[in-house]
1. For the chain, give the magnitude of the charge dipole about the Cα centre (Cβ charges: +1 Lys/Arg, -1 Asp/Glu; no others), in debye to the nearest 20.
2. List, in order, the whole-Hz ³J(HN,Hα) value for each residue of the stretch 41-57 obtained from phi through the Karplus relation with A = 6.51, B = -1.76, C = 1.60 and θ = phi - 60°; use x for Gly and Pro.
3. Could you put Arg35, Arg78 in order, starting from the residue whose Cβ has the fewest other Cβ atoms within 10 Å?
4. How high is the relative contact order of the chain, given as a whole-number percent (alpha carbon pairs under 8 Å, six or more residues apart)?
5. Got a sec? Charge dipole of the chain, +1 on Cβ for Lys and Arg, -1 for Asp and Glu; which of Ile53, Phe18, Thr7 is way out at the positive end?
6. Cross-link candidates for Lys64: which lysines have Cα within less than 26 Å, leaving aside residues fewer than 8 places away along the same chain?
7. Whole number please: convex hull volume per residue of the Cα set in the stretch 42-99, in Å³?
8. Explain nothing, just compute: Karplus ³J(HN,Hα) = 6.51 cos²θ - 1.76 cosθ + 1.60, θ = phi - 60°, for every residue of the stretch 4-9 in order, whole Hz, x for Gly and Pro.
Amino acid sequence: MKYLFKTGFFILILSLGFVSCRNAEEEEEKTEVQRLMEDPDNEVEVKDGGDKIKIETAEGDEIKIKKDGDEYKKKVDRADGSESKLKIEDGEVKKKTDN
């Protein structure tokens, strides 16, 4: 009985650990875009069934996110005139920043 209790307790702890880690990862992936989209001061446009998202912030920044198949592109035009681009293609991340 003692071994059954220990084994059951150990399995319960492991399953809770796996579930809590999985949920934390999902929240981290969505945090930036969801935060920007949910802000009432930002203007949000969604096109092509969610493949293109354009967000204009209250500070004057413009963020464009585009998905083409397995390729993701993110372009940020800041109010101060600087620009940054991020491209993810086949697991390879390319970042370019212009001032």
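Nothing in this text is a laboratory measurement; each read-out follows from the coordinates by a stated rule. Just so it is clear, the model here is predicted, and its values are computed rather than measured. Note that we place each Cβ from the backbone using ideal geometry, even for glycine, and neighbour counts take in every protein chain shown.
1. Numbers: 20 positive and 27 negative charges, 143 e Å.
Charge dipole, the chain, about its Cα centre: 680 debye, nearest 20.
2. With coefficients 6.51, -1.76 and 1.60, one gets 7, 8, 9, 10, 10, 10, 10, 6, x, x, 6, 10, 10, 10, 10, 10, 7 Hz.
3. By the 10 Å Cβ count, ascending, the order reads Arg35, Arg78.
4. Values: 120 pairs, mean separation 12.0, N = 99.
This gives 12 percent for the chain.
5. Towards the positive end, the residue furthest out is Thr7.
6. Lys30, Lys47, Lys52, Lys54, Lys73, Lys74, Lys75, Lys85, Lys87, Lys94, Lys95, Lys96
7. Values: hull volume 3.7 nm³, N = 58.
Here the figure is 63 Å³ per residue.
8. Values, residue by residue: 5, 5, 4, 5, x, 5 Hz.
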